[in-house]
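K.L.:
Can you read through this structure? Questions will come right after.
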Amino acid sequence: MKIFDFLDQKAVSANLKSTDKGTVIDELVNLLVASGKVKNADGMVKILLERESLGSTGIGQGIAIPHGKSSKISQMIGAIGISKNGVDFEALDGESVYIFVLLLAPADSAGPHLKALARISRLLKDKYFRDSLKNATSEENLLEIIKREDEVKE
């Protein structure tokens, strides 16, 4: 599985404006709304915040992977955003988060959902890749970096 299998290329931000967990999730969901992939922003935000209440999806090393499942989603979709200043996302290591990969999946898609989460985690273990994402200068640049990494590490 590749990132581009689920990443909506219109739901990308190289410069998130949000400064806290709730608004980051809202901003990422609204990227998916703007791309036409999500209709009910409030419902999706609620699902994602409920998942966050179980434990932060801030996995450390400046990364968060907010994710959730919904019967209103017909296929797995994702958004990515970079915060230049970092956000307190209650990450496991207590550090600020700069890289956000949001994933929404159909309610009945346990296998593909887990594969996508594993793929994201595996790619983001690479410090050079993380640094490249954080230093992306535009949405186009961000997509180029992801595409290059997606092709190299299959």
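K.L.:
Does the stretch 1-35 hold any residues that are in contact with a Phe, Trp or Tyr (Cβ under 8 Å, 6 or more places away or on another chain) and surrounded by fewer than 16 Cβ atoms within 10 Å (Cβ to Cβ), and which are they?
P.N.:
none
This table checks each residue for (1) of a type outside the set (Ser, Thr, Tyr); (2) farther than 21 Å from Ile25 by Cα; (3) without any contact (Cβ under 8 Å) to a residue 40 or more places away in the chain.
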{"position": "Ala107", "(1), (2), (3)": "yes, no, yes"}
{"position": "Pro112", "(1), (2), (3)": "yes, yes, no"}
{"position": "Arg122", "(1), (2), (3)": "yes, yes, yes"}
{"position": "Tyr128", "(1), (2), (3)": "no, yes, yes"}
{"position": "Ala136", "(1), (2), (3)": "yes, no, no"}
{"position": "Ile146", "(1), (2), (3)": "yes, no, no"}
{"position": "Val152", "(1), (2), (3)": "yes, yes, yes"}
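K.L.:
Here's another thing I want to ask about it. Cβ-Cβ below 7 Å, separation at least six or inter-chain, first residue in the stretch 89-103 and crowded, with 23+ Cβ neighbours inside 10 Å and in a loop (DSSP other than H, G, I, E, B), second at pLDDT below 95 and among the polar types (S, T, N, Q): which pairs?
P.N.:
Hits for this filter: Phe89/Ser56.
K.L.:
Got at least one residue in the stretch 48-59 being surrounded by 15 or more Cβ atoms within 10 Å (Cβ to Cβ), touching a helix residue (DSSP H, G or I) at 6+ places or on another chain (Cβ under 9 Å) and in contact (Cβ under 8 Å) with a residue 60 or more places away in the chain?
P.N.:
So in the stretch 48-59, the residues surrounded by 15 or more Cβ atoms within 10 Å (Cβ to Cβ) come out as 48-49, 51-52, 56-59.
Then drop every residue that is not touching a helix residue (DSSP H, G or I) at 6+ places or on another chain (Cβ under 9 Å), which leaves 48-49, 52, 56-59.
With the extra rule that they be in contact (Cβ under 8 Å) with a residue 60 or more places away in the chain, the set shrinks to 59.
Yes, there is a match, as at least one residue in the stretch 48-59 is surrounded by 15 or more Cβ atoms within 10 Å (Cβ to Cβ), touching a helix residue (DSSP H, G or I) at 6+ places or on another chain (Cβ under 9 Å) and in contact (Cβ under 8 Å) with a residue 60 or more places away in the chain.
K.L.:
While we're on this one: Quickly run through the stretch 138-154 and pick out the residues that are modelled with pLDDT of 95 or more, surrounded by fewer than 13 Cβ atoms within 10 Å (Cβ to Cβ) and farther than 16 Å from Phe100 by Cα.
P.N.:
Glu140
The values are calculated or read from the model by the stated rules, or taken from the named source; none is laboratory data. Keep in mind the model is a prediction, meaning the values are calculated, not measured. Cβ atoms come from the backbone with ideal geometry, glycine included; neighbour counts cover every protein chain shown.
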